[in-house]
Amino acid sequence: MTISTGKVKLNRTLLASALLAALNQAGAQEAAGNPQPGTVADATPSVVVLGSRSRAKTALDTAVPVGLISIKDMQAAGPLELGKLLQTLDPSFNFSSTFISDGTDIIRPATLRGLGPDQLLVLVNGKRRHQQALVNVQQTVGRGSAGTDINAIPLSAIHHIEVLRDGAAAQYGSDAIAGVINIVLKSQTNETQLSGTVGTTSKGDGDLVSGSANTGFALGLDGGFVNLTVEGRRRGETNRAGLDTLRVDPPRVTQRIGDSLAKDAYLWINAGVPFDKSSEFYAFGGVSKRTGDSAGFFRSKGDGRTVPAVYPNGFLPNIMTTVKDASLAVGYKRDLANDWNFDVSVNVGHSELGFHERNSINVSYWYEPKPGGGIYAASPMEADTGKLKFDQTTFNADLRGPVDIGGTKVLLAGGVEYRRDNYAIEAGEPVSYQYGRTNNPAIKILNQNGGIAASGAQGFPGYTPGTAVDAGRHNVAAYLDAEHNLTPQLLVAGAVRFEKYSDFGNTTTGKLSMRYDPSRAIGFRGSVSTGFRAPGVQQKFYSSVSTNLNSAGVLTETLTAREGSAVTRAFGIAPLKEETSKSASIGMILRPATNFSVTADLYRTNIDDRIVFSSNIAPESGACLTVGACPIKALLDPLKVGQAQFFTNAIDTSTDGFDLVAEHTSKWRGATLVMSGQLGFNQTKVKSRNSQSPVLTGAQLFDDSQVTLIERGQPRQHHVVAADYTVGPWNLNTRANYYGKVQGQGFTAPFIQTWEAKWLVDLSLRYAFTKRLSLSAGSNNIFDTYPTEWDKTRAAPFPQLGFTHCWETCPIGINGRSGYVRVDYAF
């Protein structure tokens with residue numbers, strides 16, 4: 001296996017490695033946690049359930065890498081969004097900042113080990129979490145995927161988080177190719193925990209106000225409980241746009257480039273009610289509503305997509321998004337004879353994203369010829385532009401326990417699963433998509449420049465009745481896991497899973513893993529597995545028409561065509577099939593002392609027939625004397641759009657990586673110092689580009705800009721070094737994140753823009769007045785670090801349009817330094 005570290009200098013890696021020799025990983029392996037009062041389960045936070053269905057283990061004793069993030073880790077970190085917090089604490093996790101990306105501005109892509117958002121499975125209390133309704137169709141990390149909206153879960157409801165960094169499709173099902181994140185909710189009782197935070201950036205924008213309350217109370221005398229969480233947050237917009245020197249005179253800021261204005265509200269519950277000493281009914285889930293206020297691309301006064309009579313100086317479309325999310329899992333578990341137990345559950349989830357366009361106009365409405373002469377000269381300035389909806393229902397029945405085979409004890413776990421996925425697109429208001437009031441393309445409507453007037457609302461054209469859909473599929477699965485200690489030092493485990501889908505057939509996957517501990521001080525682990533990911537219903541049924549910038553900086557209508565549509569048939573794009581994977585990892589665990597441990601893991605994941613979003617397929621330029629000379633133009637012109645794109649099994653990829661984690665805790669009279677370090681190296685390569693189309697080559701179907709986004713859109717190195725010092729009522733936490741360089745050429749091809757590697761340092765100080773009252777102050781990115789600026793010559797015209805830093809890939813964001821004050825109180 002070859003691990004490339006790009007241009008990271010050797011001495012930097014050696015320095016980081018030396019630091020690791022004395023450092024401890026805060027929040028990834030065997031964290032001490034922060035026990036919650038009122039529940040016995042909360043007293044053992046170092047135990048994880050991921051990686052084995054057979055029995056819980058400590059994080060350092062698993063056969064595959066499993067990280068653990070405790071309440072204390074979450075409290076010491078500054079971010080209040082779950083995605084940003086995970087990125088700060090776990091180097092295998094990436095949560096890229098996005099802007100001017102429609103719905104992706106509010107539902108940002110979450111990835112693990114450099115793979116796609118839909119190759120990461122998220123669980124809550126060990127049960128599958130539903131995916132998001134949004135498909136990332138803009139030029140961002142995760143393009144073409146629909147992952148899990150991880151920010152729909154409030155931090156104040158979470159007790160700890162487990163991160164399985166290994167292929168686990170055979171254990172947990174489709175979309176666990178990169179790994180699994182299990183979010184365990186609080187179950188504390190007889191206490192109310194209140195928290196309030198205010199913050200801002202060094203530029204004086206992005207003001208943050210957040211408050212939460214978590215309370216729990218016992219039900220009966222046998223361990224029953226109800227835990228409730230309420231959380232609310234308002235984050236102001238930030239704008240780091242520069243002057244627009246091309247489209248306005250005198251130059252001024254015309255774009256909004258940064259975080260959108262966001263308002264979030266959450267209500268969550270976690271409950272368990274024993275029927276008797278051996279059985280329990282449980283329920284958990286929550287609802288959330290989040291609104292976003294972002295912007296599209298500026299329309300200049302001379303552009304054909306504006307109306308000077310309404311917007312004499314041009315205008316910036318305002319995209320309002322509303323995300324509604326709801327989930328509820330109910331189940332019954334029972335302890336049986338001979339250490340067996342049974343668990344049956346039903347889990348339902350709903351994700352909905354609504355779009356509303358403001359500060360806009362339908363140019364074709366305005367300039368539409370009026371009977372009797374003249375034009376209507378009227379158009380609404382705002383409209384609902386449609387909704388995306390995703391619903392999932394999952395039924396599970398699990399049974400596990402030991403069996404005696406020839407005097408040998410084998411731990412078995414098996415079960416069945418039924419899942420139903422449904423996807424819907426609702427059309428927007430007619431004005432949001434129509435070409436004139438009758439939507440008749442035969443009527444010639446000319447814009448201010450004499451060209452054909454654009455249809456629909458400017459900014460985010462509405463979903464049309466033609467793109468509306470309400471369709472779904474179901475699948476059934478059966479799985480079996482086995483685990484056995486061949487000797488006290490050697491553990492072997494295996495898993496096999498069979499799944500059958502209603503739309504494309506069946507698949508069988510398997511996994512083998514091993515753990516060997518010749519002594520307490522040293523251990524070895526490894527695994528091999530096969531996996532698959534079924535095409536998401538979002539990928540199968542999504543279609544739209546959107547307005548994007550092409551590489552020349554020109555706004556162009558882009559058609560996203562769904563599977564089986566006229567355009568995909570015309571281009572010869574086959575129906576989607578599952579992507580398959582093979583994964584292998586090998587690791588070592590060192591425990592030279594009770595307060596010091598080191599883990600090192602190498603891994604490789606190969607994925608064939610990976611489902612991706614194609615490049616923007618544009619017509620040929622220049623003269624077209626015959627149809628055969630310009631086949632793409634011949635296909636696109638009748639559609640009256642400038643570009644087309646679609647989902648396809650277009651590439652095979654290989655991902656190599658190396659994780660090194662060390663932890664060390666020092667205690668002396670009245671003080672504790674926990675030092676931590678994690679090195680993460682990761683590299684994805686596109687091995688081949690495949691096309692079934694007689695018109696498009698593999699390089700046309702998935703061009704170099706998309707290869708760059710897959711290979712270099714996420715940092716190949718992400719390292720975390722931290723120190724946590726507690727003495728008496730004081731706690732000081734310092735954490736430094738190193739993000740390797742990223743690259744993109746989606747808007748500048750063939751020029752590849754590089755955003756260089758950066759260190760970000762966070763600092764927080766906490767004082768506990770009493771055991772129940774504490775005050776914290778902190779700063780994220782205390783050295784006010786920004787990404788590399790755009791190359792003003794080779795990346796033109798984007799710097800001249802006001803783009804200052806990153807765009808299509810932006811792991812560190814562009815807000816610079818921020819500060820906050822937090823108060824925590826419990827009673």
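Table for the structure above
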{"item": "Neighbours by Cβ (under 7 Å, 6+ apart or cross-chain): first from region 507-523, more than 15 Å from Ser585 (Cα to Cα); second small (Gly, Ala, Ser)", "result": "Thr509/Ala169; Thr509/Ala170; Thr509/Gly531; Asp517/Gly523"}
{"item": "Check on Asp325, in a strand (DSSP E or B), under 21 Å from Asp384 (Cβ atoms), of a type in the set (Asp, Glu) and touching a helix residue (DSSP H, G or I) at 6+ places or on another chain (Cβ under 8 Å)", "result": "yes"}
{"item": "Any pair with Cβ under 6 angstrom, 6 or more apart, that starts in region 539-568 at a residue that is closer than 28 Å to Gly302 by Cβ and ends at one that is part of a strand (DSSP E or B) and at pLDDT 85 or above", "result": "Ser544/Thr560; Leu559/Ala644"}
{"item": "Every pair of residues 6+ apart whose Cβ atoms lie under 7 Å, when the first sits in region 734-757 and is within 14 Å of Pro715 (Cβ to Cβ) and in contact (Cβ under 8 Å) with a residue 24 or more places away in the chain while the second is of a type in the set (Val, Ile, Thr) and not in a loop (DSSP other than H, G, I, E, B)", "result": "Asn737/Thr88; Asn737/Val720; Lys741/Thr754; Gln743/Thr708; Gln743/Thr754; Gly744/Thr708; Trp755/Val742"}
{"item": "Per-region count, region 711-727, residues among the aliphatic types (A, V, I, L, M) and surrounded by fewer than 22 Cβ atoms within 10 Å (Cβ to Cβ)", "result": "2"}
{"item": "Breaking point among (1) in contact with a Phe, Trp or Tyr (Cβ under 9 Å, 6 or more places away or on another chain); (2) surrounded by 17 or more Cβ atoms within 10 Å (Cβ to Cβ), for Glu429", "result": "(1)"}
{"item": "Among the candidates Ser195, Ser210, Ser202, Ser156, residue that is hydroxyl-bearing (Ser, Thr, Tyr), at pLDDT 95 or above and surrounded by fewer than 16 Cβ atoms within 10 Å (Cβ to Cβ)", "result": "Ser202"}
{"item": "Region 50-86: number of residues that are of a type in the set (Val, Ile, Thr), within 26 Å of the chain's Cα centre (by Cα) and either at pLDDT below 75 or under 21 Å from Asp824 (Cβ atoms) (or both)", "result": "2"}
{"item": "Matching residues, region 796-827, being more than 22 Å from His718 (Cα to Cα), in contact (Cβ under 8 Å) with a residue 12 or more places away in the chain and small (Gly, Ala, Ser)", "result": "Gly802, Gly819, Ala826"}
{"item": "Residue list for region 626-652, filter: in a loop (DSSP other than H, G, I, E, B), among the hydrophobic types (A, V, I, L, M, F, W, C) and surrounded by fewer than 17 Cβ atoms within 10 Å (Cβ to Cβ)", "result": "Val627, Ala629"}
{"item": "Residue match in region 296-305 (condition: surrounded by fewer than 21 Cβ atoms within 10 Å (Cβ to Cβ) and part of a strand (DSSP E or B))", "result": "no"}
{"item": "Residues located in region 477-497, provided they are under 23 Å from Ala521 (Cβ atoms) and β-branched (Val, Ile, Thr)", "result": "Thr487, Val492"}
{"item": "Residue in region 215-228 that is surrounded by 17 or more Cβ atoms within 10 Å (Cβ to Cβ), of a type in the set (S, T, N, Q), modelled with pLDDT under 95 and within 29 Å of the chain's Cα centre (by Cα) present", "result": "no"}
{"item": "Residue check for Ala213: hydrophobic (A, V, I, L, M, F, W, C) and within 30 Å of Ala477 (Cα to Cα)", "result": "no"}
{"item": "The listed residue being part of a strand (DSSP E or B), within 28 Å of Tyr282 (Cα to Cα) and in contact (Cβ under 8 Å) with a residue 60 or more places away in the chain, out of Ala471, Ala397, Ala478", "result": "Ala478"}
{"item": "Residue check for Val344: out of contact with any Ser or Thr (no Cβ under 8 Å at 6 or more places or on another chain), modelled with pLDDT of 95 or more, surrounded by fewer than 23 Cβ atoms within 10 Å (Cβ to Cβ) and within 30 Å of Gln131 (Cβ to Cβ)", "result": "yes"}
{"item": "Pairs where the first residue, in region 572-584, is under 16 Å from Leu701 (Cβ atoms) and the second is surrounded by fewer than 16 Cβ atoms within 10 Å (Cβ to Cβ) and among the small types (Gly, Ala, Ser), C-beta under 8 Å, 6+ apart", "result": "Pro575/Gly564"}
{"item": "Elements of type strands (runs of 3 or more DSSP E) contained in region 134-229, each with 1 or more residues being at positive phi and of a type in the set (S, T, N, Q)", "result": "none"}
{"item": "Inter-residue pairs, beta-carbon under 8 Å, first free of Cβ contacts under 8 Å to residues at least 60 places away in the same chain and in region 166-180, second in a strand (DSSP E or B) and surrounded by fewer than 24 Cβ atoms within 10 Å (Cβ to Cβ), 6+ apart", "result": "Tyr172/Leu123"}
{"item": "When residues of region 590-608 are limited to those that are in contact with a Lys or Arg (Cβ under 7 Å, 6 or more places away or on another chain) and either surrounded by fewer than 22 Cβ atoms within 10 Å (Cβ to Cβ) or at pLDDT 95 or above (or both), the one nearest to Pro535 (Cα to Cα)", "result": "Asn606"}
{"item": "Whichever residue in region 546-580 is of a type in the set (Gly, Ala, Ser) and at pLDDT below 85 and, among such residues, is surrounded by the most Cβ atoms within 10 Å (Cβ to Cβ)", "result": "Ser546"}
{"item": "Scope region 435-451; condition in contact (Cβ under 8 Å) with a residue 40 or more places away in the chain and among the β-branched types (Val, Ile, Thr); matching residues", "result": "Ile443, Ile445"}
{"item": "Criterion: touching a Cys at 6+ places or on another chain (Cβ under 7 Å) and either free of Cβ contacts under 8 Å to residues at least 40 places away in the same chain or more than 30 Å from Ile522 (Cβ to Cβ) (or both) - qualifying residue of Ser97, Ser101", "result": "Ser97"}
{"item": "Residue in region 656-663 that is of a type outside the set (A, V, I, L, M) and either outside any strand (DSSP E or B) or more than 30 Å from Ser585 (Cα to Cα) (or both) present", "result": "no"}
{"item": "Residue check for Ile150: within 14 Å of the chain's Cα centre (by Cα) and touching a residue at least 60 places away in the same chain (Cβ under 8 Å)", "result": "yes"}
{"item": "Residue among Thr697, Thr655 that is buried (at least 20 other Cβ atoms within 10 Å of the Cβ), under 30 Å from Gly116 (Cα atoms) and of a type in the set (Ser, Thr, Tyr)", "result": "Thr655"}
{"item": "Unique residue being closer than 30 Å to Asn190 by Cβ, assigned to a loop (DSSP other than H, G, I, E, B) and either free of Cβ contacts under 8 Å to residues at least 24 places away in the same chain or not acidic (Asp, Glu) (or both) when the list is Thr770, Thr793", "result": "Thr770"}
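The values are calculated or read from the model by the stated rules, or taken from the named source; none is laboratory data. None of these values were measured; they are calculated from a predicted model. Note that we place each Cβ from the backbone using ideal geometry, even for glycine, and neighbour counts take in every protein chain shown.
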